Amino acid sequence: MSELTDYPTIDVMNHLLEVRSDLAGNPFEFREFQIMLETTFKVLNNPPPAAPAAPAAERKPATSPEGKPSRKRKGGSMLSGHATTSACLADMDELGYTHISVCATKMWSYYYHRDFIMDYPIEAVAEAVAESDGRIIGTASYDPFRITESCAEIEKAVKEHGFRYVWFHPLSYGLPPNDRRFYPLYAKCVELGIPVGFQVGQSAEVLPSNGGHPMLADDIAIEFPTLRMNLSHTGWPWVDEWCSMLWRHPNVYGDISAYYPHSLDDRLIRFMDSSRGRDKVLFGKNGLGLERCKDEFLELDISEETKRMVLHDNAARFFGLDGR
């Protein structure tokens, strides 16, 4: 485990499930997530059938594809999270995570339910922030259908509970991120001196994806030049456009969450390991397991400088943890 702890890590993308799975509910009761398990996540949902068991005397310890003995991974499997904040902090310590971001996510059902399918209270995240002494980075969310109330909640989260970030999901509302209903959010984040993040690329759930085109961030980056912005979830399939936004704009970053690192697009890996993108890419997992995602990232054929910047230094600068 020493190799993992040798690399201080900040995880920029999680939901309440990561620290309070007992409060997060079951997202798979909603049709959008059920379809996701049938399509974009079907490989993870349907592992290959096990081979017939050998007689006990002939059995050998299970091994990974690299021939190493396999073990139960720390930090949970896909979307399992932790029952308590203290359990999450223990895994963070063992795996070398200095901070993780946890969002009080608001996510709307564009078609099937016409209501929230995630609507986590800031108070639950605030408890985790307090218990962790700030190692859990409190992250608020935003409802463009309730602008005044959302902006007031974000201000409360920052001023009363020490939140450092806002992350929202424009695709679930059927709106692009440059829609006028998001501009009050951007102005509020500038006023409070905190960064903002939102999903770009296709939606894993069956939600409209056209609003996830990364180039739609161009207007926002130009019109709010002091707003630090994270284009979340790699921008796939528009990877080149995602890279363009990070490269062109000094205030635009992008995270690699929601994809296991071994499956990242080759174009993204080349960009991340170059002088164009090394200082703009952020590490995150989006509930896919603290240990597995970090393990796979460290196995990528990229430079040591890139590994350390993506795992820690870029996010420290993005969140203002480095004092800048």
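Under the classification rounded if a/c is under 1.5, otherwise prolate if a/b is larger than b/c and oblate if not, where does the stretch 95-162 fall, given a ≥ b ≥ c as square roots of the Cα gyration tensor eigenvalues?
Oblate, because a/c is 1.5 or more while a/b does not exceed b/c.
Among TYR97, TYR120, TRP108, whose Cα lies farthest out toward the positive end of the dipole of the stretch 75-124, if unit charges sit on the beta carbon of Lys, Arg (+1) and Asp, Glu (-1)?
Result: TRP108.
Mind checking the dipole of the stretch 209-324: about its Cα centre, +1 per Lys or Arg Cβ, -1 per Asp or Glu Cβ, Debye to the nearest 20?
Values: 14 positive and 19 negative charges, 56 e Å.
The calculation lands at about 260 debye.
Computed from the coordinates I sent, Cα extents along the principal axes in Å equals one of [x] 86, 48, 33; [y] 82, 67, 35; [z] 67, 44, 38. Tell me the label.
Read-out from the structure maps to [z].
May I ask which of LYS159/LYS280; LYS156/LYS307; LYS42/LYS188; LYS156/LYS285 have a Cα-Cα span longer than 29 Å here?
Numbers: LYS159/LYS280 27 Å; LYS156/LYS307 35 Å; LYS42/LYS188 39 Å; LYS156/LYS285 27 Å.
Exceeds cut-off: LYS156/LYS307; LYS42/LYS188.
If we sort 216-222, 133-139 on the protection proxy, mean other Cβ atoms within 10 Å, highest first, what's the order?
Result, highest mean first: 133-139, 216-222.
Based only on other Cβ atoms within 10 Å, what is the fewest-to-most ordering of TRP167, TRP108?
TRP108, TRP167
Which angle between 0 and 90 degrees, to the nearest 10, do you get for helix 147-161 versus the longest principal axis of the chain when only C-alpha atoms count?
60 degrees
Skipping prolines and chain starts, which residues have an amide H placed within reach, meaning under 5 Å, of the one on PHE168, given they are 5 or more residues away or on another chain?
GLY197, PHE198, GLN199
Please give the helix 183-192 orientation as an angle from the longest Cα principal axis of the chain, in degrees from 0 to 90, rounded to the nearest 10.
80 degrees
Values in this text are rule-based calculations from the coordinates and carry no lab data. The shown structure was predicted, so the numbers you read here are calculated from the model rather than taken from an experiment. Glycine gets a Cβ as well: all are built from the backbone with ideal geometry, and neighbour counts include every protein chain shown.
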